[in-house]
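Report on the structure given below.
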């Protein structure tokens with residue numbers, strides 16, 4: 001579905017940490033948010049005439065394993081003016097843990113690529129001025145200490161402060177719906193703990209974005225794209241590797257993500 005301040009179909013407009021139905025992902029009808037946007041020109045229509053930026057990492061790829069930045073550029077009707085990379089970089093150039101990456105210019109597109117794991121962790125006003133709409137395509141692993149969650153919170157906060165729109169191109173949570181672990185105490189937030197959530201939160205990035213917008217009361221236009229449906233069965237692990245894409249060396253395979 002596509003909706004303002006919503007995640008997937010059936011998600012109520014309240015904190016998803018406690019209210020999202022514990023369904024699962026059906027691989028037969030699952031599409032990544034990036035694939036929906038690429039395949040349907042009507043979904044891209046609101047982007048016409050607007051400056052668009054992408055926040056992505058190495059696992060930000062289509063079903064055909066094309067990096068999202070390349071796929072968006074290939075549409076020919078999206079004006080991509082900037083890109084952002086979280087920890088480990090936009091294309092995986094910094095796989096070692098806690099190695100910061102610099103800003104650079106994309107050699108093919110000629111656009112600035114800003115690092116959100118370098119001199120800054122939040123996008124600066126100058127960075128925010130390079131776009132009107134930010135597309136967020138980050139595969140998470142369902143664990144609170146992964147910094148992609150914190151980066152998502154930071155860009156939402158900065159977007160709210162500057163009246164920018166954020167579109168989350170959602171992806172499944174690869175470790176499924178179960179919620180486990182202690183909840184982070186209020187005041188204990190850090191770059192490896194974005195909010196009062198359990199260690200294994202059971203949410204997708206789109207649902208986390210909805211939760212941040214709701215709990216932090218952010219005045220930001222947020223739209224979530226997702227292409228799967230929920231069912232009452234168990235989590236479907238992907239035989240073609242779509243739920244097990246490499247993000248860093250600590251989570252190379254599906255079982256490693258479960259135990260990480």
Listing 185, 221, 31 by rising number of other beta-carbon atoms within 10 angstrom, fewest first, gives 185, 221, 31
The base-10 log of I(q)/I(0) that the Debye equation returns for the range 50-129 at q = 0.13, 0.24 Å⁻¹, one scatterer per C-alpha, is -0.38, -1.21
Rounded to one decimal in nm, the spacing of the 7 Å Cα→Cβ label points at residue 100 and residue 180 is 3.5
The extension gain from residue 145 to residue 216, computed as 0.36 nm times the residue separation minus the Cα-Cα distance, is 23.6 nm
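Only the coordinates and a few stated rules stand behind these numbers; no lab work does. The shown structure was predicted, so the numbers you read here are calculated from the model rather than taken from an experiment. Every residue, glycine among them, receives a Cβ derived from its backbone with ideal geometry; neighbour counts consider all protein chains shown.
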